[in-house]
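Structure first, commentary second.
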Amino acid sequence: MKPTRHMVLIHGAWQGSWAFSAWTPLLQAKGWNVTAVNLPGNDASTDGERHAHLDGYTAHVQRILESLDGPAVVVGHSGGGITASQVAQAVPQRVSALVYLAGMMLPSGMRYSDLLTQAQAADSELSPQSIAGIGPHLIWNEERSHSSVPMDAALALFLQDCHATAALKAASRLCPQPETGRAMVNQLSADRFGKVPRIYVECLQDQSVIHPLQQRMQQLSPGARCIRLDCGHVPQLACPQALTDALLPVLNEITAKPLMNMSIPLINA
């Protein structure tokens, strides 16, 4: 009897577990036991908002992993990549592989804002406007503790290549995001996080985390296998079948191998 193959899906900012609803059935049809996470204080709920930070997110996902009967592939979409990385640092023995869907695969100690500054300094063709993504469009509450994404910006920068009906539904479900759960910084080590196999899914038409930024993150945290999809920021909604067909063979290959004793080198910010 084959062991159960587990996959835990971590959403990005302004979202919830619903962000993976179009993709989950395809994974289940291929024999995966899928758990889509609702991070504390997200998806229109203030329950657990005091835990809406990296430590709280990491502990939440860790509890899910420890409830399973074996290691899981952990997938982080967009900002969910930060949590995915920290989970691998916390419990590397519970993570069989990390997958970043246009995800924030940042080196230890680096903020996403640092990445933008560094990328622009290294490439004069990258203008502040081209790398800013959703940032300039956000609407903030008075205390600047929560941000929201306007419908038109979500449709243009996140969902531009999704089916119109699905895009409208997803854009309407975006909720205020606690800033404590968005401006997060990983603390990673080569002997824990660095030993977990990684896959980076590049989204070539991404208007939020543009392709040069995705490439730069891979340069700063080398060692990930790369898959390229000709899509925008949300492949699990825009092209779930293509994502499944591209990802699962690579996952099957790397999870079938025992973990290497040698750590993957990390480049610290």
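Filter region 35-59 for residues that are assigned to a loop (DSSP other than H, G, I, E, B) and under 25 Å from PRO25 (Cβ atoms) and give the result.
If the condition is that a residue be assigned to a loop (DSSP other than H, G, I, E, B) and under 25 Å from PRO25 (Cβ atoms), then VAL37, ASN38, LEU39, ASN42, ASP43, ALA44, SER45 are the ones that fit.
Residues in region 100-130 that are part of a loop (DSSP other than H, G, I, E, B), among the small types (Gly, Ala, Ser) and without any contact (Cβ under 8 Å) to a residue 12 or more places away in the chain: how many?
Start the filter on region 100-130 by keeping residues that are part of a loop (DSSP other than H, G, I, E, B), which leaves 102-111, 123-127.
Those still in the list that are among the small types (Gly, Ala, Ser) too: 102-103, 108-109, 124, 127.
Remaining after also requiring without any contact (Cβ under 8 Å) to a residue 12 or more places away in the chain: 124, 127.
Of the residues in that region, 2 qualify.
I need the full set of residues from region 156-194 which are farther than 18 Å from LEU138 by Cα and of a type in the set (Asp, Glu), in order please.
Scanning region 156-194 gives ASP161, ASP191.
Go through the residues of region 65-74 one by one and say whether even a single one is in a helix (DSSP H, G or I) and either under 30 Å from PRO3 (Cβ atoms) or at pLDDT 95 or above (or both).
yes
Would a scan of region 242-263 turn up a residue that is out of contact with any Asp or Glu (no Cβ under 9 Å at 6 or more places or on another chain), under 15 Å from SER85 (Cα atoms), of a type in the set (A, V, I, L, M) and modelled with pLDDT of 95 or more?
Our first condition is that a residue be out of contact with any Asp or Glu (no Cβ under 9 Å at 6 or more places or on another chain); within region 242-263, this holds for 243-262.
Checking which are under 15 Å from SER85 (Cα atoms) leaves us with none.
The answer is no, given that none of the residues of region 242-263 is out of contact with any Asp or Glu (no Cβ under 9 Å at 6 or more places or on another chain), under 15 Å from SER85 (Cα atoms), of a type in the set (A, V, I, L, M) and modelled with pLDDT of 95 or more.
Would you check which residues across region 1-25 are over 30 Å from SER145 (Cβ atoms) and among the hydroxyl-bearing types (Ser, Thr, Tyr) and list them? Can you show your working first?
So the first thing to find is which residues in region 1-25 are over 30 Å from SER145 (Cβ atoms), and the list is 1-7, 22-25.
Once the filter is applied, which keeps residues that are over 30 Å from SER145 (Cβ atoms) and among the hydroxyl-bearing types (Ser, Thr, Tyr), region 1-25 yields THR4, THR24.
When the residues of region 22-64 are filtered to those that are modelled with pLDDT of 95 or more and of a type in the set (Ser, Thr, Tyr), which remaining residue is farthest from PHE193 (Cα to Cα)?
THR24
How many residues does region 124-147 contain that are loosely packed, with under 10 Cβ neighbours inside 10 Å, more than 20 Å from GLY232 (Cβ to Cβ) and modelled with pLDDT of 95 or more?
3
Do we find a residue being crowded, with 19+ Cβ neighbours inside 10 Å, of a type in the set (Ser, Thr, Tyr) and in contact with a helix residue (DSSP H, G or I) (Cβ under 8 Å, 6 or more places away or on another chain) anywhere in region 195-206?
Within region 195-206, one or more residues are crowded, with 19+ Cβ neighbours inside 10 Å, of a type in the set (Ser, Thr, Tyr) and in contact with a helix residue (DSSP H, G or I) (Cβ under 8 Å, 6 or more places away or on another chain).
For every residue, the table says whether it meets (1) among the basic types (Lys, Arg); (2) more than 16 Å from the chain's Cα centre (by Cα).
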| position | (1), (2) |
| --- | --- |
| PRO150 | no, yes |
| ASP161 | no, yes |
| THR165 | no, yes |
| ALA171 | no, yes |
| ASP191 | no, yes |
| LYS195 | yes, yes |
| GLN207 | no, no |
| LEU213 | no, no |
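Which residues, counting only those in region 150-181, are under 18 Å from LEU39 (Cα atoms) and either crowded, with 20+ Cβ neighbours inside 10 Å or of a type in the set (A, V, I, L, M, F, W, C) (or both)? Working first, answer last.
Of the residues in region 150-181, the ones under 18 Å from LEU39 (Cα atoms) are 170, 173-181.
Of everything in region 150-181, those that are under 18 Å from LEU39 (Cα atoms) and either crowded, with 20+ Cβ neighbours inside 10 Å or of a type in the set (A, V, I, L, M, F, W, C) (or both) turn out to be ALA170, LEU174, CYS175, GLN177, PRO178, GLY181.
Among residues belonging to region 3-54 that are in contact (Cβ under 8 Å) with a residue 24 or more places away in the chain and among the charged types (D, E, K, R), point out the one that is surrounded by the fewest Cβ atoms within 10 Å (Cβ to Cβ).
LYS30
The values are calculated or read from the model by the stated rules, or taken from the named source; none is laboratory data. All figures in this text were calculated on a predicted structure; none of them were measured in a lab. When we count neighbours, we look across all protein chains shown, and the Cβ atoms used for this are built from the backbone with ideal geometry, even at glycine.
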